[in-house]
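Worksheet: one structure, shown below.
Derivation of every value follows stated rules applied to the coordinates shown; laboratory data play no part. Everything numeric in this text was worked out from a predicted model, so none of it was measured. Cβ: placed from backbone, ideal geometry, glycine included. Neighbour counts: every protein chain shown.
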């Protein structure tokens, strides 16, 4: 039986300071929007940045891909969904940013984070067992 997807959502309103001279959200602000949803997902798992640090690992983002489908504009309410796509060897998260009122897709994105031992700086080729156990426990919930 396939595992049910783990996802979390965050919301934000496009502010004036998010805009570029063309009055659309500047492309460099999208990673900040992704971080809102990634944080919500990691909180749900119980393994956000404080728990990562306490476990002795750091998780740098080594790849980020963003596809701008339609521009986000001033005062739009955005819903950002983050879905855990892979978690055994790396953390791969897929994102969808939608305009909340219409549900229209504005942006697709993906990030990949790798596990690094905080003490030695060595890259791990797997995720720590405690992280995997937290994810599996969520999958096992009725």
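Residue 22 to residue 105: FRET efficiency via 1/(1 + (r/R0)^6), r the Cβ-Cβ distance, R0 22 Å, to the nearest 0.05? Could you put the intermediate results ahead of the total?
Working: r = 20 Å, r/R0 = 0.91.
Computed FRET efficiency for residue 22 and residue 105 comes out at 0.65.
At what distance in nm do the modelled label points of residue 130 and residue 85 sit from each other, each positioned 7 Å from its Cα along Cα→Cβ?
For residue 130 paired with residue 85, the spin-label model returns 2.8 nm.
Label residue 120 and residue 62 with points 7 Å out from Cα along Cα→Cβ: what is the distance between them in nm?
Inter-label distance under the simple model: 1.6 nm.
With Kirkwood radius over Cα pairs in Å defined as stated, name the option among (1) 16.7; (2) 16.1; (3) 15.3 computed from the structure displayed.
Working out Kirkwood radius over Cα pairs in Å from the coordinates points to (2).
Please state the relative contact order of region 6-140 as a whole percent: Cα pairs under 8 Å, 6+ residues apart?
Numbers: 260 pairs, mean separation 37.8, N = 135.
Reported as a whole number, the value is 28 percent.
Using alpha carbon centroids, what distance separates region 1-32 and region 92-130, in Å?
Comparing the Cα centres of region 1-32 and region 92-130, I get a distance of 14 Å.
When the chain is treated as a GNM, springs tying every alpha-carbon pair under 10 Å, which of 98, 11, 32 comes out with the largest mean-square fluctuation?
In the Gaussian network model the winner is 32.
For the chain, find the longest principal axis of its Cα atoms and tell me its angle to the long axis of helix 129-140, 0 to 90°, nearest 10.
70 degrees
Over the chain, with a Gaussian network built from C-alpha contacts below 10 Å, which listed residue (40, 101, 82) shows the highest mean-square fluctuation?
101
Quick one: helix 30-45 against the long Cα principal axis of the chain, what's the angle to the nearest 10°, folded into 0 to 90?
Between the helix axis and the principal axis of the chain, the angle is about 40 degrees.
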